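K.L.:
Structure provided below as structure tokens; questions to follow.
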Amino acid sequence: METKDYLKDIQDIKQMMSQSSRFMSLSGLSGVLAGVYSLIGAWLAYKTIYFDTSTSGSYRDLVISFEAVYRLLLIGISVMILSIITGLFLSLRKATKGKEEFWNPTSRRLLINFLIPLLTGGFFIVFLIEKNILELVAPLTLIFYGLACVNASKYTLGDVRYLGITQILLGLLSTWFLSYGLLFWALGFGVCNILYGSIMYFKYDRK
């Protein structure tokens, strides 16, 4: 009987240590909604590229006006802002419900480790857009987002690591199919976020 009590105490201690070193209030539902926003953004981007500009169906032959480029940037920024606001709101609500402090050293480390690869990639992608190297934008957004997820995963739910790895693989694969960059972008930011967000929601949020 005492042995069982000791084992239970050890498990409780391990759980407490894990919770103290990881931000456990990341909302799976926010991932689902971010995926939905991304799919809507991909649809708007598709309309902008293939209906508002001249195209022959390939990135190499695609002619995109500066106005269309700015519109695509606006779509991407809008999706990102909506996703961030939704993630913050739902994670804050989950933290409050679970009586966990939302802004603590762990969540700060999570944010910093997420932003380092993301901002690095963002600046690099802006440089590519300025140089009109548009065919690499979709693959690199997936790759740097994946790196950000992997880098931040050690401070939050482990599922984020697998999401990041999936995004990196999709980004690398899309470099071989540059003409389908938007499709890969929708698959990564849309479908994968919805899939992993749903898994995290049913695994953690509904407890």
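Just so it is clear, none of the values below were taken in a lab; they were calculated from the coordinates. These numbers were taken from a predicted model, which means no experiment stands behind them. Glycine gets a Cβ as well: all are built from the backbone with ideal geometry, and neighbour counts include every protein chain shown.
K.L.:
Relative contact order of the stretch 28-205, please, whole-number percent, based on alpha carbon pairs below 8 angstrom and at least 6 residues apart. Mind showing how you got there, number by number?
P.N.:
Working: 227 pairs, mean separation 59.0, N = 178.
For the stretch 28-205, the relative contact order is 33 percent.
K.L.:
Considering the Cα positions of the stretch 28-205, please state its Rg to one decimal place and its Dmax as a whole number of Å.
P.N.:
16.7, 55
K.L.:
How would you rank TRP103, TRP176, TRP43, going from fewest to most other Cβ atoms within 10 Å of each one's own Cβ? Could you put the intermediate results ahead of the total?
P.N.:
On the way: TRP103 11, TRP176 8, TRP43 14.
Fewest-to-most Cβ neighbours within 10 Å comes out as TRP176, TRP103, TRP43.
K.L.:
Could you work out the local net charge near LEU182, counting Lys and Arg as +1, Asp and Glu as -1, over the other residues with Cβ closer than 12 Å to its Cβ?
P.N.:
Neighbour charge sum, excluding LEU182 itself: 0.
K.L.:
Please order ILE116, ILE168, ILE143 by the number of other Cβ within 10 Å, starting at the fewest.
P.N.:
The order, fewest Cβ neighbours first, is ILE116, ILE168, ILE143.
K.L.:
Show me, for the stretch 157-169, the HN-Hα J-couplings you get by feeding each phi into the Karplus relation (A = 6.51, B = -1.76, C = 1.60, θ = phi - 60°), rounded to Hz, glycine and proline as x.
P.N.:
Listing the rounded values in order: 5, x, 5, 4, 4, 5, 4, x, 4, 4, 5, 4, 4 Hz.
K.L.:
Which three semi-axes in whole Å describe the equivalent ellipsoid of the stretch 150-207, each the square root of 5 times a Cα gyration tensor eigenvalue, listed largest first?
P.N.:
Semi-axis lengths for the stretch 150-207 are 25, 13, 6 Å.
K.L.:
Now for a separate question. Please report THR96, THR86 as a ranked list, fewest other C-beta atoms within 10 angstrom at the top and most at the bottom. Let's see the in-between values first.
P.N.:
On the way: THR96 12, THR86 19.
The most exposed by this proxy come first: THR96, THR86.
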